[in-house]
Structure formats: C-alpha cells, structure tokens
Amino acid sequence: MSSLVLSHSKRLLSTGSGRSILWHGMKQSACSRLYHATPATAMASPKAIDNTEKFMLNTYARPALVLSHGNGSYVYDTTGREYLDFTAGIAVTALGHSHPEVAAIVADQATKLVHCSNLYHNEWAPTLAQRIVTATTKAYPQGTQGIYAEGARVFFSNSGTEANEGALKFARKHGKHVVAAGKLGKAV
C-alpha cells in the first residue's frame, strides 16, 4: 500500500507510514460525495468523476479518487486504497465511520423517526436542551442573569442560515435589554 498526503496544493508526499492520509484542505471533505462501492461501481470511478464534473457545480478542486466506504478514522476509495481521514467529514463524523454502536442507534432511530423539524415537538430535543443548559449554567453561572434571568434556553437550528439569523436576533434582543437597563455605553 503506497502512502501519500493530499495537501491544499494537491502535492503527493510520501509519509512512510504504510497508510495513506487524506487531507484535502478544510473547505471540502472528500468524504462528502460518498457512494457505496459494489463490484460494478468500483470500476466506475472515472465515470463518477466525469459525472461529478458534468452535473455538479464544482466549487472545490477535488482529488481524482472516489470514496466508497469508511471504517473508524479511515476511508477507502473504489480501488480499495486506504486513507486516514483527517477531515472527519468536516467535523460531522467525529466518532468515525461505520462504528457498530453508532450504526445500530441510527438504524434503530430510522425505524421510528428520521428527522423532526423544529416546527414539532419530539422526545429527544428537550432532553438534550436540558443537558446543555444544565452544563452551561454550571460552568457559566452568569448565564442566568440579565436577559437570561427567566432561564437559559437552547436554540436548535436546521441550517447555518437559520443559526446566523438566530444569532442576529439574539444580538438585537441583548441590545434592547442593554438600552432598557440604561447601560448603553457602559461596560455590561
């Protein structure tokens, strides 16, 4: 098995470790375009790359490999080559790929409810929110004062855009609180 590093400039460098390292910058995870390899698709790597270029808006320079599956901290391309995944799916696979306990929990939950928007109640969001609030107020007691005096709460968002919108609304609410308390222009 040859060793290489895919860096920001896409240079190939020998690591001498006997394993390959997948490092393709912080902007794009090579793991984000996964499909499951079968003997038929394993030979289709050039077609997958061609179809990516033909049908997808190319905003990143991707290495010429097609990932098919992962195990722990490693991902594998359709030729069976192993890569150490330093990108962790841009932080969404921090527990690694194909972890048996995570897979079992996801499979179990998928038989019940795959996704529930913030438009509806579900049994897990309030439990998680309570744990976050409890841990946060324990570590940051002043989080129960000022605009949070009525009780600290968690805002779960469905997207980065919604998170940014929430942050702007929270900043505006804090500003209104500062003005109403007569603290404008003073250290808060």
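For TRP124 and HIS174, FRET efficiency with R0 = 41 Å and r from the beta-carbon atoms, rounded to 0.05?
Working: r = 29 Å, r/R0 = 0.70.
Computed FRET efficiency for HIS174 and TRP124: 0.90.
Taking N as the residue count of the stretch 72-188, its C-alpha radius of gyration divided by 2.2 N^0.38 Å amounts to 1.52. Between ASN58 and GLU150, the FRET efficiency from the beta-carbon distance, with R0 = 35 Å, is close to 0.10.
Near the amide H of HIS69, within less than 5 Å, lie the amide hydrogens of TYR76, all on another chain or at least 5 residues away, with H placed in the peptide plane. Note on THR136/ILE49: beta-carbon distance plugged into 1/(1 + (r/R0)^6) with R0 of 35 Å gives a FRET efficiency of 0.20.
Roughly how many Å² is the accessible area per residue of the stretch 53-151, as a whole number, for a 1.4 Å probe?
Details: 7230 Å² over 99 residues.
Result: 73 Å² per residue.
The portion of the accessible surface of the stretch 74-117 made up by carbon and sulfur, rounded to a whole percent, is 65 (1.4 Å probe; DNA, RNA and ligands excluded). If you take the square roots of the eigenvalues of the alpha-carbon gyration tensor of the stretch 85-150 and sort them as a ≥ b ≥ c, do you get rounded (a/c under 1.5), prolate (a/b over b/c) or oblate? Judged from the Cα gyration tensor, the stretch 85-150 comes out oblate (a/c at least 1.5, b/c at or above a/b).
The values are calculated or read from the model by the stated rules, or taken from the named source; none is laboratory data. Because the structure is predicted, anything quoted here is derived from the model rather than measured. All Cβ positions, even for glycine, are placed from backbone atoms using ideal geometry, and neighbour counts span all protein chains on display. These accessible areas exclude ligands, DNA and RNA; they are computed on the full protein's heavy atoms, side chains included. Shrake-Rupley method; radii C 1.70, N 1.55, O 1.52, S 1.80 Å.
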